[in-house]
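See below for the structure under consideration.
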Amino acid sequence: MLSVLNVIAPVFILIGLGFFAVRLKLYPQSGVAGLIAYVNNFATPCLLFRAMIDVDFGAAFNLAIIGPYYAGAVSVLALGAIFAARLFKRRPGEAVAVGFSAMFTNTVLVGIPVMQRAYGDEAMPIVYSIIGLHAPILMTLGMFVMELVRRDGGKVTTALWQGLRKAFSNPILIGIALGLAANAAGLELGGLADEVTLLLAGTVMPVALFGLGGALNEYRLGETWTQALMTSGMQLIVHPAIAWLLMVPILGVDPHIARYGVLLAAMPAGINVYIFATYYNRATDVAANTILLSTLLSLFTITGWLLVLGA
């Protein structure tokens, strides 16, 4: 238990510091978006660029881990949409947006710091391989399903193009692609490039967590908290449970390796769930509540997963 607290305490203290700094007006709310933009557009791409240059492809792209991770994600998208339609009487487009809120996790702002502290450098190649596919696969899938079901939907091909365009213009994916290209070409960082990217990469954890804490001030639990509780449970418990079931009992992955993918699957909602909901103007209330509730609950669920998986 002490080792678990050593992993998660600094992460959630930094989130709490950001939250109360904004709440007490010690840091301006208007500056939070800039922090998150800096992390997503500059610091994290540099971190992933450096990681991909030295990555061991044999260890990183483990389909027995990546496959179950995304199978779990697709499963909670379907379950979340079905529950939203059947239990909460949401219209088809709204149900998809609710399902997306259950599927898209915060693999960068929370996932990278937690995984780094929990399992160290050994886990990061697998973590980065999942993150590299995260936006392209899930954003495209979400838009594809939305265009299939919403009554005023456009062409499916348009949705696919929009999803791919958004994904591949993402600076995080660009950083990964450049790093992989440098790896394939046998290039090594040196001099100023090494120093600058190292400094930027080192800022990811503190700035990301502080910014996320500050951003939580924008969300309030409203009438849809029960739906947000459902989507949070899908993210924090069901997704990692499905991933574990597929990896270990079915595919026979070593539990000490499988836990990298399982714990990453247990992260709370990412801000992209709100972006997706507002883009289609569907279930934005559930998306906002899911971000707030899942982040708060993840303090306890991540603790539980670390105890089960071993920290």
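When residue 23 is tested against (1) surrounded by fewer than 17 Cβ atoms within 10 Å (Cβ to Cβ); (2) closer than 18 Å to residue 108 by Cα; (3) not hydrophobic (A, V, I, L, M, F, W, C), exactly one condition is not met: (2).
It is to be established whether one or more residues within the stretch 60-71 are within 26 Å of residue 193 (Cα to Cα) and not in a loop (DSSP other than H, G, I, E, B). Write out each step before concluding.
Kept after step one, since they are within 26 Å of residue 193 (Cα to Cα), are these residues of the stretch 60-71: 60.
Still in the running and not in a loop (DSSP other than H, G, I, E, B): 60.
The answer is yes; a qualifying residue exists.
Residues are listed down the side, and each one gets a yes or a no for (1) farther than 16 Å from residue 84 by Cβ; (2) of a type in the set (Asp, Glu); (3) surrounded by fewer than 24 Cβ atoms within 10 Å (Cβ to Cβ); (4) touching a Lys or Arg at 6+ places or on another chain (Cβ under 6 Å):
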site	(1), (2), (3), (4)
234	no, no, no, no
246	yes, no, yes, no
273	no, no, no, no
302	yes, no, no, no
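Using the structure shown, decide if residue 93 is in contact with a Phe, Trp or Tyr (Cβ under 9 Å, 6 or more places away or on another chain) and on the phi < 0 side of the Ramachandran plot.
Working: in contact with a Phe, Trp or Tyr (Cβ under 9 Å, 6 or more places away or on another chain): yes; on the phi < 0 side of the Ramachandran plot: yes.
Considered against the rule, which asks whether it is in contact with a Phe, Trp or Tyr (Cβ under 9 Å, 6 or more places away or on another chain) and on the phi < 0 side of the Ramachandran plot, residue 93 comes out as yes.
When only residues in the stretch 51-101 that are more than 23 Å from residue 146 (Cα to Cα) and among the aromatic types (Phe, Trp, Tyr) count, which is surrounded by the fewest Cβ atoms within 10 Å (Cβ to Cβ)? Among those that are more than 23 Å from residue 146 (Cα to Cα) and among the aromatic types (Phe, Trp, Tyr), it is 57.
What residue, of 283, 287, 241, 277, is in contact with a strand residue (DSSP E or B) (Cβ under 9 Å, 6 or more places away or on another chain), aliphatic (A, V, I, L, M) and closer than 22 Å to residue 81 by Cβ? First the steps, then the outcome.
Numbers: 283 fails: in contact with a strand residue (DSSP E or B) (Cβ under 9 Å, 6 or more places away or on another chain); 241 fails: in contact with a strand residue (DSSP E or B) (Cβ under 9 Å, 6 or more places away or on another chain); 277 fails: in contact with a strand residue (DSSP E or B) (Cβ under 9 Å, 6 or more places away or on another chain).
Testing whether each residue is in contact with a strand residue (DSSP E or B) (Cβ under 9 Å, 6 or more places away or on another chain), aliphatic (A, V, I, L, M) and closer than 22 Å to residue 81 by Cβ leaves just 287.
Quick grid of which residues meet (1) part of a helix (DSSP H, G or I); (2) modelled with pLDDT of 85 or more; (3) surrounded by 24 or more Cβ atoms within 10 Å (Cβ to Cβ); (4) among the small types (Gly, Ala, Ser):
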site	(1), (2), (3), (4)
215	yes, yes, yes, yes
229	yes, yes, no, no
243	yes, yes, yes, yes
267	no, yes, yes, no
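Regarding residue 259, is this residue outside any helix (DSSP H, G or I) and not polar (S, T, N, Q)? No, not satisfied. Pull up the stretch 277-296, narrow it to residues that are surrounded by 18 or more Cβ atoms within 10 Å (Cβ to Cβ) and within 30 Å of residue 6 (Cα to Cα), then point me to the one that is modelled with the lowest pLDDT. It comes out as 288. In the condition set (1) of a type outside the set (Val, Ile, Thr); (2) farther than 16 Å from residue 209 by Cβ; (3) surrounded by 14 or more Cβ atoms within 10 Å (Cβ to Cβ), residue 5 is compliant with all but (3). Of the residues in the stretch 219-227, at least one is assigned to a helix (DSSP H, G or I) and closer than 27 Å to residue 21 by Cα.
The values are calculated or read from the model by the stated rules, or taken from the named source; none is laboratory data. These numbers were taken from a predicted model, which means no experiment stands behind them. Neighbour counts run over all protein chains shown; Cβ positions are idealised from the backbone, glycine included.
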